[in-house]
1. Cβ-Cβ distance below 9 Å, separation of 6 or more or different chains: which pairs start in segment 118-139 with a residue that is among the small types (Gly, Ala, Ser) and end on one that is exposed (fewer than 13 other Cβ atoms within 10 Å of the Cβ) and part of a helix (DSSP H, G or I)?
2. Take the conditions without any contact (Cβ under 8 Å) to a residue 60 or more places away in the chain and under 24 Å from Leu240 (Cα atoms) and apply them to Asn424. Does it pass?
3. Hey, any hits in segment 221-231 for a residue that's closer than 30 Å to Asn40 by Cα and in a loop (DSSP other than H, G, I, E, B)?
4. How about segment 237-349: which strands (runs of 3 or more DSSP E) wholly inside it have at least 1 residues that are surrounded by fewer than 21 Cβ atoms within 10 Å (Cβ to Cβ)?
5. Anything in segment 383-393 that is surrounded by fewer than 23 Cβ atoms within 10 Å (Cβ to Cβ) and under 26 Å from Asp213 (Cβ atoms)? List them, or say none.
6. What number of residues within segment 192-203 satisfy the criterion of being crowded, with 16+ Cβ neighbours inside 10 Å and touching a residue at least 40 places away in the same chain (Cβ under 8 Å)?
Amino acid sequence: MITMKRMSKIVLIVSLSICTTFSLFAQVDTTQQITANRANAKNQLNKPYIILISADGFRYDYAAKYQANHLLKFASEGVAAKAMYPSFPSLTFPNHYTLATGLYPSHHGLVANSFYDRQRNDTYGMSKKEKVKDGTWYGGTPLWVLAEKQQLLSASFYWVASEANVQNTLPTYSYNFNEEIPIARRIQTVKDWLMLPEDKRPHLITFYFSDVDHAGHEFGPDAPETAKSVQYIDEQVANLVAAAAATGLPVNFIFVSDHGMTAVDREHPIATPLAINKDQFTTVTSGSMINLYAKDSTSTAALYQKLKNEAVDYQVYLKKDMPKNLHYGTQDDVYGRVGDIILLANWPKVFSDKKPGIGYHGFDPYAVKDMDATFMAWGPAFKKGLKIEAFQNVEVYQMVAKILGLSVTEKIDGTTATANLVLNK
């Protein structure tokens, strides 16, 4: 017979066990990942230093719109672009990896935040940690891989693919993405990296902020919460600059975003078209776009025609007919990951079977100005007080490579034109 006292003990033990189990599942890896036995080559020791900063969703006009005074001052002392054009689709994972590789999304393989790969019979998704960390999903040569292969050390406090073993190469110092590490600790870590002995000191550091994107999605681009988030990032960038300055090293800063943000029509979303037979097509949607992958190619023509006939508030394309300036058609689809049929929502509409959120991105950046991203850069490598016109984000790769004196031998989509314009000779 179980007494009440013994029952209470059993309940307590079970409760503690459940709590411990949940605690273990809730834990995230906040430890620094270090690749041992690496050092800067002797001919790399005197190379410049770069901190490449991304503020996710930091629209091209946010700094002026929300008085990001530190950033505006830094930009006035260096280079500021009117805007930077994201690549299509103007989503987080494709564009962060474009910035890192100098390749359009269809050329490096991350054609959306989520997509289907027919050869693998598998779906990649930004929330699928095991896929995100699998280096075989990623094409191109990210900047940190380029640097490490030329014996120049790199570090990453977050960037898309920086925790994946791309070409069997990780940054020398990195962290698995999580939002548990306080910003002060992140900034201190960067300072600590820059204070390492010169043979162990990273010359390329990537650093990522998610705050502005979160605020833009939840509250919209015109909300006071978004303004507050912009000002918070402004303050933290100033803290990061001060931390780097305290080391006495000649550090260059490049501040970018992956895309902008826009308010959408929440009252009249586009429901997933009923004509799509999910037994015949794999459907992957991002709000602004739906990729449809035919399980049997003979089904494609009939569905395409039906969707064309009934489409309201969206455009319907066969992959072969996608606009060339989007670099998203058959000839560009290196990894076969773009849908056979692509549906593009007409801004401000989005695809959703329920009431959508307030802020979105992913639209054609040449058609929707709100998709435009930010570019600012300052430091000894950059010209001072230079304002330039908008340019494509594939250009950033060559800029970083030139500053660090890295050889780029693979064919990429970016050129040296913008680097030649903004860098000191």
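Just so it is clear, none of the values below were taken in a lab; they were calculated from the coordinates. For clarity, every value in this text was computed on a predicted model and none was experimentally measured. Glycine also receives a Cβ, built like all others from the backbone with ideal geometry; neighbour counts cover every protein chain displayed.
1. The qualifying pairs are Gly135/Asn168.
2. Judged against the criteria, Asn424 is a match.
3. no
4. 281-285, 289-294, 314-318
5. Answer for segment 383-393, where residues must be surrounded by fewer than 23 Cβ atoms within 10 Å (Cβ to Cβ) and under 26 Å from Asp213 (Cβ atoms): Lys387, Ile388, Glu389, Ala390, Phe391, Gln392.
6. Going through segment 192-203 one residue at a time, the tally reaches 4.
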